[in-house]
Amino acid sequence: QVQLGESGGGLVQIGGSLRLSCAASGLTFSRHSLGWFRQTPGKEREFVAGISWIGGFANYADSVKGRFTISRDNAKSTVFLQMNSLKPEDTAVYYCAADRRSSSRLQEVDYWGQGTQVTVSS
């Protein structure tokens, strides 16, 4: 079965950096768009960043543009999210997602990871 396993979350100070990784198995990684979503208690899960499987085009939420970078390594079936200049409002559970369609917006997610907590604190 398909598995998406996130790692790299944790506690970081304001202005710090973290790099999230998501290792995938059980799917044709190179033919899936990949992305990251985040969720805080009482709020809906929101799109953070996505990267298409055709052309490797990246798309970001306005709130993270210029601070976060998404990338993928098809040889390792892994997608990354480099997060810099972290703010308290970035605190959330971050979920990896895979979509069979080519859009980097991941509007129809087929698979989800279990999530990893990111906490930004002063």
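Here is a list: Arg105, Arg100, Arg38, Arg45. Which entry is closer than 22 Å to Gln3 by Cβ, surrounded by fewer than 16 Cβ atoms within 10 Å (Cβ to Cβ) and of a type in the set (Lys, Arg)?
Working: Arg105 fails: closer than 22 Å to Gln3 by Cβ; Arg38 fails: surrounded by fewer than 16 Cβ atoms within 10 Å (Cβ to Cβ); Arg45 fails: surrounded by fewer than 16 Cβ atoms within 10 Å (Cβ to Cβ).
That would be Arg100, the only listed residue that is closer than 22 Å to Gln3 by Cβ, surrounded by fewer than 16 Cβ atoms within 10 Å (Cβ to Cβ) and of a type in the set (Lys, Arg).
Do any residues in the range 98-122 that are in a strand (DSSP E or B) have Cβ atoms under 7 Å from those of residues that are acidic (Asp, Glu) and open to solvent by 80 Å² or more (accessible area, probe 1.4 Å), where the two are at least six apart or on different chains, and which pairs are they?
Asp99/Glu108
Any residue in the range 9-28 that is under 21 Å from Gln114 (Cβ atoms) sitting within a Cβ distance under 6 Å of a residue that is polar (S, T, N, Q) and assigned to a loop (DSSP other than H, G, I, E, B)? List the pairs, counting only those 6 or more apart or interchain.
That search, which allows pairs on different chains as well, returns Ala24/Ser77; Gly26/Gln1.
Please verify whether Gly50 is free of Cβ contacts under 8 Å to residues at least 60 places away in the same chain, within 19 Å of Arg105 (Cβ to Cβ) and under 15 Å from the mean Cα position of the chain (by Cα), treating the condition exactly as stated.
Working: free of Cβ contacts under 8 Å to residues at least 60 places away in the same chain: yes; within 19 Å of Arg105 (Cβ to Cβ): yes; under 15 Å from the mean Cα position of the chain (by Cα): yes.
For Gly50, the condition - free of Cβ contacts under 8 Å to residues at least 60 places away in the same chain, within 19 Å of Arg105 (Cβ to Cβ) and under 15 Å from the mean Cα position of the chain (by Cα) - is met.
Within the range 19-31, identify whether any single residue is over 17 Å from Ala98 (Cβ atoms), at pLDDT 95 or above and open to solvent by 50 Å² or more (accessible area, probe 1.4 Å), and answer yes or no. Step through it out loud before you land on a result.
We begin by selecting, within the range 19-31, every residue over 17 Å from Ala98 (Cβ atoms); these are 19.
Adding the requirement that they be at pLDDT 95 or above leaves 19.
Among the residues that remain, those that are also open to solvent by 50 Å² or more (accessible area, probe 1.4 Å) are: 19.
Yes, that holds for at least one residue.
Of the conditions (1) closer than 20 Å to Ser17 by Cβ; (2) in contact (Cβ under 8 Å) with a residue 12 or more places away in the chain, Asp73 clears all except one; give me its number.
Unmet for Asp73, out of (1) closer than 20 Å to Ser17 by Cβ; (2) in contact (Cβ under 8 Å) with a residue 12 or more places away in the chain: (2).
Pull up the range 65-97, narrow it to residues that are part of a loop (DSSP other than H, G, I, E, B) and polar (S, T, N, Q), then point me to the one that is farthest from Val2 (Cα to Cα). Give the steps one after another, and end with the answer.
Pass one, the range 65-97, residues part of a loop (DSSP other than H, G, I, E, B): 65-67, 77, 84-87, 91.
From what's left, polar (S, T, N, Q): 77, 84-85, 91.
On the way: Ser77: 12, Asn84: 30, Ser85: 33, Thr91: 27 Å.
Among residues in the range 65-97 that are part of a loop (DSSP other than H, G, I, E, B) and polar (S, T, N, Q), the one farthest from Val2 (Cα to Cα) is Ser85.
Could you go through the range 75-82 and let me know if any residue there is within 20 Å of Thr119 (Cα to Cα) and exposed (fewer than 13 other Cβ atoms within 10 Å of the Cβ).
So the first thing to find is which residues in the range 75-82 are within 20 Å of Thr119 (Cα to Cα), and the list is 80-82.
Keeping just the survivors that are exposed (fewer than 13 other Cβ atoms within 10 Å of the Cβ) gives none.
So far as the range 75-82 goes, no, none of its residues is within 20 Å of Thr119 (Cα to Cα) and exposed (fewer than 13 other Cβ atoms within 10 Å of the Cβ).
The values are calculated or read from the model by the stated rules, or taken from the named source; none is laboratory data. The shown structure was predicted, so the numbers you read here are calculated from the model rather than taken from an experiment. FYI the Cβ positions are ideal-geometry reconstructions off the backbone, even for glycines, and counts take in every protein chain you see. We work out accessible area using only protein heavy atoms, side chains counted, and drop any ligands, DNA or RNA first. Shrake-Rupley method; radii C 1.70, N 1.55, O 1.52, S 1.80 Å.
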